[in-house]
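The values are calculated or read from the model by the stated rules, or taken from the named source; none is laboratory data. What you see is a predicted model, and the numbers here were worked out from it, not measured in a lab. So basically every Cβ, Gly included, is an ideal-geometry build from the backbone, and we count neighbours across all protein chains shown. Quick note on the areas: whole protein, heavy atoms, side chains included, nothing else; ligands and nucleic acids left out. Shrake-Rupley method; radii C 1.70, N 1.55, O 1.52, S 1.80 Å.
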Amino acid sequence: MSDQPKLRLGVNIDHVATVRNARGGAYPDPLRAAKLAEEAGADGITAHLREDRRHISDADIEALAAALSVPLNFEMAATDEMQAIALRHKPHAVCIVPEKREERTTEGGLEVAREENRLAHFIAPLREAGCRVSIFIAADRAQIEAANRIGAEVIELHTGAYCDAHAEGRFDDRDAELERLREMAAFGHSLGLEVHAGHGLTYDTVVPVAAFPELRELNIGHFLIGEAIFRGLPSAITEMRRLMDEARA
Ligand code: PXP
């Protein structure tokens, strides 16, 4: 093994809640999935409380905040409502994401550069409350510089464009996206930011990203919850962990 710091795996359990909400009851329970993920080696649990509550609910966040042994990474839009919820639970980490009601998932990174002042004021109380503040952004120099200026400790680079290009067989685009991610991970790290990445990662796309030495954490959800249908959640997570470790070796 190399002597690089371990690459943490944050397991996003939003889509356990999506399945539950399809029937409106209590099954399957995202907290049960989170505890299973912990046992299978997840280094953290990520959950996104969306404005429309389409998957994770307020009660889920309360249960996760109370019962997890690993850090909770609370994904949220930069709204007053979400800030109040974060300040009530004080999760280990808060990841600020853009949110549009009509989107199917978090489609792009946050526009930090255009909203620098507002975001600087928005994250200050979260930092004072002891939350590690992460900003979900595209692998773009101007956004990374802005995230640094507003006082974020962590940036999470959006890997969606890289994963989409792979899935659609646009391999030149994929390789260009990968190169951009690699350069911007190094750039973020050079500014003193902790660099994370995520969105759309699968067994087919994780290895080249996990190999970036500056990365400290990957957040992966949809693929793992989908794969759990076929092989079970612990096995799905163990295989992702194995690929990440192999990439770092
Ligand atoms: N990171 C962030 C900031 C996200 O918003 C999401 C999706 O909720 C993920 C990672 C995980 O993406 P996926 O579910 O596609 O693995």
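One table, with the values for the structure above:
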| quantity | calculated |
| --- | --- |
| Tally of residues being of a type in the set (S, T, N, Q) and either in contact with a strand residue (DSSP E or B) (Cβ under 9 Å, 6 or more places away or on another chain) or closer than 15 Å to Ile237 by Cα (or both) across region 1-57 | 2 |
| Set Ala47, Ala17, Ala34: member being open to solvent by less than 10 Å² (accessible area, probe 1.4 Å), at pLDDT 95 or above, within 16 Å of the ligand (Cβ to nearest atom) and outside any helix (DSSP H, G or I) | Ala47 |
| Within region 55-163, strands (runs of 3 or more DSSP E) holding 3 or more residues that are touching a helix residue (DSSP H, G or I) at 6+ places or on another chain (Cβ under 8 Å) | 72-76, 132-137 |
| Cβ pairs under 8 Å, 6+ apart, first in region 68-92 and at positive phi, second open to solvent by 50 Å² or more (accessible area, probe 1.4 Å) | Lys90/Gly130 |
| Any hit, region 77-94, residues being of a type outside the set (Lys, Arg), open to solvent by 60 Å² or more (accessible area, probe 1.4 Å) and touching a Leu at 6+ places or on another chain (Cβ under 8 Å) | yes |
| Extreme residue, farthest from Arg180 (Cα to Cα), among residues of region 125-146 that are buried (at least 22 other Cβ atoms within 10 Å of the Cβ) and of a type outside the set (A, V, I, L, M) | Cys131 |
| Verdict on Leu191 being surrounded by 19 or more Cβ atoms within 10 Å (Cβ to Cβ), more than 13 Å from the ligand (Cβ to nearest atom) and not charged (D, E, K, R) | no |
| The listed residue being crowded, with 16+ Cβ neighbours inside 10 Å, more than 15 Å from the chain's Cα centre (by Cα) and of a type in the set (D, E, K, R), out of Arg248, Arg170, Arg149 | Arg248 |
| Matching residues in region 154-179 - criterion: being among the acidic types (Asp, Glu), within 16 Å of the ligand (Cβ to nearest atom) and more than 16 Å from Ala78 (Cβ to Cβ) | Asp164, Glu168, Glu177 |
| Any chance Ser134 is more than 16 Å from the ligand (Cβ to nearest atom) and polar (S, T, N, Q) | no |
| Region 99-124, residues that are within 16 Å of the ligand (Cβ to nearest atom), under 23 Å from Glu194 (Cα atoms) and surrounded by fewer than 19 Cβ atoms within 10 Å (Cβ to Cβ) | Glu107, Gly108, Glu111 |
| Residue check for Val11: β-branched (Val, Ile, Thr), touching a Phe, Trp or Tyr at 6+ places or on another chain (Cβ under 8 Å) and surrounded by 14 or more Cβ atoms within 10 Å (Cβ to Cβ) | no |
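Results for (1) in a helix (DSSP H, G or I); (2) open to solvent by 30 Å² or more (accessible area, probe 1.4 Å); (3) at pLDDT below 95; (4) aliphatic (A, V, I, L, M), shown as yes or no for each residue.
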{"position": "Thr202", "(1), (2), (3), (4)": "no, yes, no, no"}
{"position": "Arg216", "(1), (2), (3), (4)": "no, yes, no, no"}
{"position": "Leu224", "(1), (2), (3), (4)": "yes, no, no, yes"}
{"position": "Glu227", "(1), (2), (3), (4)": "yes, yes, no, no"}
{"position": "Phe230", "(1), (2), (3), (4)": "yes, yes, no, no"}
{"position": "Ser235", "(1), (2), (3), (4)": "yes, yes, no, no"}
{"position": "Met240", "(1), (2), (3), (4)": "yes, no, no, yes"}
